[in-house]
Amino acid sequence: MTDGIDETDARLLRLVQRDATLSAAQLSEAVNLSPSACHRRVQRLQSMGVISGHVALLDPRRVGRPTTVFVEISLATQADEVLDAFEAAVARIPDVLECHLMTGAYDYLLKVVARDSEDFAMIHRRHLASLPGVAKLQSSFALKTVFKTTALPV
């Protein structure tokens with residue numbers, strides 16, 4: 001484990017990653033600690049920034065966004081002002097779930113959700129094609145999600 005995180009903390013982290021609604025009593029039973037000790041540990045992990053938030057994970061199909069598209073983007077230049085402008089602009093597109101600065105053949109990889117291919121075409125036309133500094137875009141539609149998790153290995 002890393003500094004300040006022992007095996008009991010790791011067990012708590014694995015549990016809350018799967019279900020953040022577990023009570024201190026439920027956590028304490030799972031890790032053999034008192035509820036107050038569990039609560040203190042979870043609070044400490046939050047204050048350390050190890051636990052950075054609590055969210056509800058939505059089913060993309062049930063909220064009308066079943067299509068996942070990965071977009072590879074190459075910029076015309078790597079100048080700091082171009083990178084900063086691109087990152088600020090892409091962060092304002094609500095359909096973009098993730099944006100990663102990459103090494104390799106392209107500069108950025110985006111994960112975009114859409115209703116269908118027509119909706120993605122509109123997102124592409126209205127938002128992606130007008131991002132600052134873009135030299136090339138390549139989009140790949142996911143045919144099937146084979147495996148997906150938000151849980152980090154601890």
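Taken together, the values in this text are just the output of simple stated rules run on the coordinates, not laboratory data. What you see is a predicted model; the values in this text were computed from it and never measured. Please note: Cβ atoms are built from the backbone with ideal geometry, for glycine as well, and neighbour counts cover all protein chains shown.
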Quiz item: What ranking of K144, K111, K136 emerges when the number of other C-beta atoms within 10 Å of each C-beta is taken as an exposure proxy, fewest first?
Solution: K144, K136, K111
Quiz prompt | Simple label model, 7 Å out from Cα along Cβ direction - A30 to A142, nm | solution = 2.4
Quiz item: Which angle from 0 to 90°, rounded to the nearest 10, does the C-alpha axis of helix 117-126 make with the longest principal axis of the chain?
Solution: 70
Self-check item: Exposure proxy order (Cβ contacts within 10 Å, fewest to most) of V113, V146
Solution: V146, V113
Practice problem: Mind listing the long-range amide H neighbours of V50? Cut-off is under 5 Å, sequence gap 5 or more, other chains count too, H placed in the peptide plane at 1.01 Å from N. | Solution: none
Practice problem: Please work out the FRET efficiency for the pair S52 and S74, using the Cβ-Cβ distance as r and a Förster radius of 41 Å; give the result to the nearest 0.05. | Solution: 0.85
Self-check item: Paramagnetic reach from A20 in the stretch 27-65 [backbone N under 13 Å; point 7 Å along Cα→Cβ]
Solution: 46, 50-58
Exercise. Could you run the Karplus curve 6.51 cos²θ - 1.76 cosθ + 1.60 with θ = phi - 60° over the stretch 14-21 and give me ³J(HN,Hα) per residue in whole Hz, x for Gly and Pro?
Key: 4, 5, 6, 5, 7, 7, 6, 8
Quiz item: Which order results if L97, L83, L152 are arranged by neighbouring Cβ count within 10 Å, fewest first?
Solution: L152, L97, L83
Exercise. Evaluate the charge dipole of the stretch 67-141 about its Cα centre and quote only its size in Debye, nearest 20, assuming +1 on the Cβ of each Lys and Arg and -1 on the Cβ of each Asp and Glu.
Key: 200
Practice problem: Report, in degrees rounded to the nearest 10, the 0 to 90 angle that the Cα long axis of helix 35-47 makes with the longest principal axis of the chain. | Solution: 30
Quiz item: Gain in length, R92 to R115, computed as 0.36 nm per residue apart minus the alpha-carbon separation, to one decimal in nm?
Solution: 6.4 nm
Practice problem: Pick out, from T150, V134, A79, the residue whose Cα sits farthest towards the positive end of the charge dipole of the chain, with +1 on the Cβ of Lys and Arg and -1 on the Cβ of Asp and Glu. | Solution: T150
Exercise. May I ask you to evaluate 6.51 cos²θ - 1.76 cosθ + 1.60, the Karplus curve with θ = phi - 60°, for each residue of the stretch 97-112 and list the ³J(HN,Hα) values in order in whole Hz, giving x for glycine and proline?
Key: 8, 9, 9, 10, 6, 10, 9, x, 6, 9, 8, 9, 10, 10, 10, 10
